[in-house]
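Novice: Sharing a structure, written as structure tokens. Questions coming.
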Amino acid sequence: MPPVPETTSLTALKGIGPALAEKLTKLGLRSVQDILFHLPLRYQDRTRVMPIGALRPGMDAVIEGVVQGADVVMGRRKSLLCRIQDGSGTLSLRFYYFSGALKSNLQRGSRWRCYGEVRPGASGLEIYHPELQNLDSSEPLPVSDTLTPIYPSTEGLSQQRLRSLSDAALAWLAQGNSLLDLLPEEISNEYRLGSLHDAIRTLHRPPPSVDLQALEDGRHWAQHRLAFEELLAHQLTMLRLRAEFRAHQAPAMPPSRELTAQFLKRLPFPLTGAQQRVGAEISTDLQQRQPMLRLVQGDVGAGKTVVAAMAALQALEAGWQVALMAPTEILAEQHHANFSAWFAPLGISVAWLAGKLKGKARQNQLQMIATGDAAMVVGTHALFQGEVQFHNLGLAIIDEQHRFGVQQRLALRDKGAAGQFSPHQLIMTATPIPRTLAMSAYADLDTSVLDELPPGRTPVNTVLIADSRREEVVERVRAGCAEGRQAYWVCTLIEESEQLQAQAAEVTWESLCESLPELSIGLIHGRMKPSEKAEIMAAFKGGDLHLLVATTVIEVGVDVPNASLMIIENPERLGLAQLHQLRGRVGRGSTASHCVLLYHAPLSHLGRERLGIMRESTDGFVIAEKDLQLRGPGEVLGTRQTGLMQFRVADLVRDADLLPRVQEAASMMQQRYPERCPALIDRWLAHGQQFAQV
Ligand code: ADP
Ligand code: MG
């Protein structure tokens, strides 16, 4: 059976004309199949009428009763309060928004069916704004015979409309039309996945006998069936990306004979075992004619820069250009300084490019990059821009991957070395990626792990202190700096605005200057000129500043070994991965380091739990796993950047145990059923994500 793309026109459904079909298409529902795969987020049980006497707060329930009276009452807010009674008890319906018509409809003695959430009220149980159906006409109203689905919706589509659309689509299916089951029997049987039809039908209209709790927890077999298929489609996309990438030619670079040896001889320390191992993995990749696409994960301070330098030297010695890209100017500047110092003695000049480099200086650098006079180029994402022409780019190194997305990775590939070649790519991240996420989000990459810190580091001791004790913390900074230590004071804001962040940091800086007049205190934030930032960083690094007040711009990569104290204000505002990154700025030298999380009380339960993890662990992988459990994958990876991480049914945390099987199934699909893969990918990933969660 050769799978054909499934696109039955919406107008095949009863009640959908061309005008409605067009409106739905605009909302992302283009075909009958789209409607069938537009699945409920949750369910309500309206299959039984509950006696009022059996209600408990928190239930969503259907009740039926007779109105005793309805009055407007003046509480803190005016509301319409209607007492309703069945044989077993009474309940109040409360309306904060109501019309005169509603009030007169709810007349004493009328009979109603109501649906809503039951809550405790001042005098017994209440339902706010229930859905109402009048029961006074002679015909008895049937109750629903299935659970009521709640769909992801978008402006212009009500739940009622979505329900009638899915009714029509299910009726279409019941008439003998088929929905292509794209999973080969071999796979369905092997993993006991059940039928697609049954799964779809069950999820749209679960029978009252269904285990509602299992559905709510995503443990129902029908959800597994679809989650499996969705994860499989996702995995196949990643494999396709990977195959496309590897279909390009890359320059084969023989191992370095000269440069690496000279570099290592000058390095003031021996490589760690992990650096050697990962270095060798990269070196093998670079010798191939296929582009390398390798992710190096290593906790903050693991020594990724040295690994990057070794990779660069192999490419340089083979006569190819190398680009190193960092997500912030500060970090790019630091890399530029490091690489210049390391490479100058080897006779290699290092070019520099950032957004704020302007005019003649910029032209100069662009020129050097284009002619190949600069074999090594360090910069920010300015390196992606169209005006940048490389002479023969052979290796691109991207530091701190989580800030860059798949798209940027592809853009870089197209900067291809000398026409027909694609550059090798090395991606380095200090955000440990939990294994489950790595398996799906980065399935297109090979990964190496730098799992060993250089010797002589002392773990950072982390404490939680409420900001009511801020004075004590200031005293601690005074004492620490008096002993010759250096400290960071990090200001956080939730707002993305650099301006507000800068203002907040300035205010803190002023107040600290007042409290600690004997210290020299610097300020650094994203609104400063690169030259100013560089000056401040240099002063701090050189020991001229005791204390550096900073926004989270220092998060990534900045290296000042003598800094051994860090205060983070309002740490509850940041993700754990980001806190871990920040904290990684201290504990780089041999003195014991401390990190004070100066939180704003009271903390939420979740907030307390998250900060507790920071106090208990300094292992980036442990922190990342917990963060994933607590916040979900979108937050951890930055959904906006990865683009591919939004699932309709699957949940990477909940369905993590499916992933190994999904991976197996994906390679089976590729090998034995390649003709089905495009349709499967199309079904799950083709359309945009217009639908918000309700
Ligand atoms: P990260 O992995 O966070 O990018 P860096 O590359 O910035 O870490 O290295 C952190 C610090 O550790 C730097 O000062 C670096 O010189 C030092 N370092 C790197 N490798 C070693 C090693 N093998 N032994 C001792 N120090 C090292
Ligand atoms: Mg780094």
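Novice: Select from segment 309-327 the residues that are buried (at least 24 other Cβ atoms within 10 Å of the Cβ) and not in a helix (DSSP H, G or I) and write down the one among them that is modelled with the lowest pLDDT.
Specialist: Filtering first and then ranking leaves Ala326.
Novice: Suppose we filter segment 581-617 for residues that are in a helix (DSSP H, G or I) and in contact (Cβ under 8 Å) with a residue 40 or more places away in the chain; how many remain?
Specialist: Taking segment 581-617 as the starting set, the residues that turn out to be in a helix (DSSP H, G or I) are 581-583, 605-616.
Next, only the ones that are in contact (Cβ under 8 Å) with a residue 40 or more places away in the chain stay: 581-583, 611-612, 614-615.
Summing the residues that are in a helix (DSSP H, G or I) and in contact (Cβ under 8 Å) with a residue 40 or more places away in the chain in segment 581-617 gives 7.
Novice: If I filter segment 73-85 for residues that are at negative phi and in contact with a Cys (Cβ under 9 Å, 6 or more places away or on another chain), do I get at least one hit?
Specialist: Here is the first cut: in segment 73-85, the ones at negative phi are 73-85.
Checking which are in contact with a Cys (Cβ under 9 Å, 6 or more places away or on another chain) leaves us with 84.
The answer is yes; a qualifying residue exists.
Matching residues to (1) part of a strand (DSSP E or B); (2) among the basic types (Lys, Arg):
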| position | (1), (2) |
| --- | --- |
| Cys82 | yes, no |
| Thr90 | yes, no |
| Leu93 | yes, no |
| Ser104 | no, no |
| Arg108 | no, yes |
| Glu117 | yes, no |
| Leu125 | yes, no |
| Pro140 | no, no |
| Pro149 | yes, no |
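Novice: So which of Val636, Val694 ends up being at pLDDT below 75 and part of a helix (DSSP H, G or I)? I'd like the intermediate steps shown before the answer.
Specialist: On the way: Val694 fails: part of a helix (DSSP H, G or I).
Result: Val636 is the single residue among Val636, Val694 that is at pLDDT below 75 and part of a helix (DSSP H, G or I).
Novice: I'd like to check which strands (runs of 3 or more DSSP E) are fully inside segment 516-573 and have at least 2 residues that are touching a Ser or Thr at 6+ places or on another chain (Cβ under 8 Å), within 16 Å of ligand 1 (Cβ to nearest atom) and not acidic (Asp, Glu).
Specialist: Working: elements: 521-524, 547-550, 563-569.
Those strands (runs of 3 or more DSSP E) span 563-569.
Novice: Among (1) within 30 Å of Leu196 (Cβ to Cβ); (2) crowded, with 17+ Cβ neighbours inside 10 Å, there is one condition Lys26 misses while meeting the rest; what is its number?
Specialist: The failed condition is (2).
Novice: Whether any residue in segment 190-208 is of a type in the set (Val, Ile, Thr), closer than 22 Å to Arg48 by Cβ and modelled with pLDDT of 90 or more is what I want to check.
Specialist: In the first step, residues of segment 190-208 are kept if they are of a type in the set (Val, Ile, Thr); the result is 200, 202.
Retained after the next criterion (residues that are closer than 22 Å to Arg48 by Cβ): 202.
Then drop every residue that is not modelled with pLDDT of 90 or more, which leaves 202.
Among the residues of segment 190-208, at least one is of a type in the set (Val, Ile, Thr), closer than 22 Å to Arg48 by Cβ and modelled with pLDDT of 90 or more, which makes the answer yes.
Novice: Kindly provide the set of residues from segment 89-101 that are surrounded by 15 or more Cβ atoms within 10 Å (Cβ to Cβ) and farther than 16 Å from Ala61 by Cα, ordered by number.
Specialist: First, the residues of segment 89-101 that are surrounded by 15 or more Cβ atoms within 10 Å (Cβ to Cβ): 89-95, 98.
Result: Phe95, Phe98.
Novice: Another question about this same structure. Looking at this structure, is Pro251 more than 16 Å from ligand 2 (Cβ to nearest atom) and either out of contact with any Ser or Thr (no Cβ under 8 Å at 6 or more places or on another chain) or of a type in the set (S, T, N, Q) (or both)?
Specialist: Working: more than 16 Å from ligand 2 (Cβ to nearest atom): yes; either out of contact with any Ser or Thr (no Cβ under 8 Å at 6 or more places or on another chain) or of a type in the set (S, T, N, Q) (or both): yes.
Taking the combined requirement at face value, the residue satisfies it.
Novice: Here are some conditions: (1) surrounded by 16 or more Cβ atoms within 10 Å (Cβ to Cβ); (2) modelled with pLDDT of 80 or more; (3) farther than 26 Å from Asp444 by Cα. Ala601 meets all but one. Which one does it not meet?
Specialist: Every condition holds for Ala601 apart from (1).
Novice: A further question follows. Name the residue that is nearest to ligand 2 (Cβ to nearest atom), counting only residues in segment 279-309 that are aliphatic (A, V, I, L, M) and closer than 20 Å to Ala443 by Cβ. Give the steps one after another, and end with the answer.
Specialist: Residues of segment 279-309 that are aliphatic (A, V, I, L, M), as a first pass: 280, 282, 286, 292-293, 295-296, 300, 302, 306-309.
Those left that are additionally closer than 20 Å to Ala443 by Cβ: 282, 292-293, 295-296.
On the way: Ile282: 16, Met292: 19, Leu293: 20, Leu295: 14, Val296: 10 Å.
Checking each candidate, the answer is Val296.
Novice: Quickly run through segment 283-308 and pick out the residues that are part of a loop (DSSP other than H, G, I, E, B), more than 10 Å from ligand 1 (Cβ to nearest atom) and touching a helix residue (DSSP H, G or I) at 6+ places or on another chain (Cβ under 7 Å).
Specialist: Gln290, Pro291, Met292
Novice: Then there is this: Which one is farthest from ligand 2 (Cβ to nearest atom), of the residues in segment 557-587 that are under 14 Å from Arg457 (Cα atoms) and surrounded by fewer than 23 Cβ atoms within 10 Å (Cβ to Cβ)?
Specialist: Ranking the qualifying residues of segment 557-587, first place goes to Asn562.
Novice: I'm trying to understand the selection: among the residues of segment 330-381, which are small (Gly, Ala, Ser), buried (at least 16 other Cβ atoms within 10 Å of the Cβ), modelled with pLDDT of 90 or more and over 29 Å from Ala261 (Cβ atoms)?
Specialist: Passing the criteria: none in range.
Novice: All but one of (1) within 17 Å of Glu483 (Cβ to Cβ); (2) within 16 Å of ligand 1 (Cβ to nearest atom); (3) touching a helix residue (DSSP H, G or I) at 6+ places or on another chain (Cβ under 9 Å) hold for His580; state the number of the condition that does not hold.
Specialist: The failed condition is (1).
Novice: Looking at (1) under 30 Å from Gly89 (Cα atoms); (2) not in a loop (DSSP other than H, G, I, E, B), can you tell me which one Leu24 breaks?
Specialist: (1)
Novice: Out of (1) surrounded by fewer than 17 Cβ atoms within 10 Å (Cβ to Cβ); (2) in contact with a strand residue (DSSP E or B) (Cβ under 7 Å, 6 or more places away or on another chain); (3) free of Cβ contacts under 8 Å to residues at least 60 places away in the same chain; (4) closer than 24 Å to Asp45 by Cα, the odd one out for Trp112 is which?
Specialist: (1)
Novice: Criterion first (within 16 Å of ligand 2 (Cβ to nearest atom) and touching a residue at least 12 places away in the same chain (Cβ under 8 Å)) does Gly543 satisfy it? Lay out the reasoning, then the answer.
Specialist: Working: within 16 Å of ligand 2 (Cβ to nearest atom): no; touching a residue at least 12 places away in the same chain (Cβ under 8 Å): yes.
No, not satisfied.
Novice: Considering every residue within segment 231-246, establish whether at least one is within 20 Å of Ser667 (Cβ to Cβ), outside any helix (DSSP H, G or I) and modelled with pLDDT under 90. Walk me through it before giving the result.
Specialist: Initially, segment 231-246 is screened for residues within 20 Å of Ser667 (Cβ to Cβ), giving 231-246.
The next check asks that each one be outside any helix (DSSP H, G or I); those that pass are none.
Checking segment 231-246: not a single residue is within 20 Å of Ser667 (Cβ to Cβ), outside any helix (DSSP H, G or I) and modelled with pLDDT under 90.
The values are calculated or read from the model by the stated rules, or taken from the named source; none is laboratory data. Being a predicted model, the structure only gives us computed values, none of them experimental. For neighbour counting, all protein chains shown are included, and Cβ atoms are generated from backbone atoms with ideal geometry for every residue, glycine included.
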